[in-house]
Amino acid sequence: MAFPIEGWKEACAVTIKQFDDSLLEINIYGANNNFEQALEQALSAMSLDEDGTNWQEIGKKDKIFSELQKEYNYMRPTCVFC
């Protein structure tokens, strides 16, 4: 994905690849002075900035969430707008 880094001083491109063992390979291009900010934004956009261990528990407390979780095979929502 490509996006402007918050503050609009530079832009970057980020690739994220997940391996079978759930390890991620993250490559960031163009964020010369804002590497950490670019990483934080990319992880947030993919809902990877928070531990999702209790994601299924939310559905047990909320009927609407439960239905959505089942419909989308418990995939966590992302914050990527196209």
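Which distance in nm do the two modelled labels at Y72 and A11 give, with both placed 7 Å along the Cα-to-Cβ direction?
2.7 nm
Return the aspartates and glutamates within reach of K17: Cα separation strictly under 20 angstrom, same-chain partners fewer than 8 residues apart disregarded; answer none if there are no such residues.
Within the straight-line limit of under 20 Å, K17 reaches these aspartates and glutamates: E25, E36, E40, D49, E50, D51.
Straight-line reach from K61: which lysines have a Cα under 23 Å away, not including same-chain ones fewer than 8 places off?
K70
What do you get for the angle between helix 35-45 and the principal long axis of the chain? Use alpha-carbon atoms, 0 to 90 degrees, nearest ten.
Relative to the chain, helix 35-45 is tipped by roughly 30 degrees.
Show me 54-64, 40-50, 19-29, 2-12 ranked by packing, highest mean number of other Cβ atoms within 10 Å first.
Numbers: 54-64: 11.2, 40-50: 16.1, 19-29: 9.6, 2-12: 12.7.
Listed from highest to lowest mean packing, they are 40-50, 2-12, 54-64, 19-29.
Simple spin-label model, 7 Å along Cα-to-Cβ: L48 to A2 in nm?
Here the answer is 2.0 nm between the modelled labels.
Extent of the chain along each principal axis, from alpha carbon coordinates, in Å, largest to smallest?
Over the chain, Cα extents along the principal axes are 44, 29, 20 Å.
Computed from the coordinates by the stated procedures, all read-outs in this text should not be read as laboratory data. Computed from a predicted structure; not experimentally measured. Positions of Cβ are backbone-derived with ideal geometry, glycine not excepted, and every protein chain shown enters the neighbour counts.
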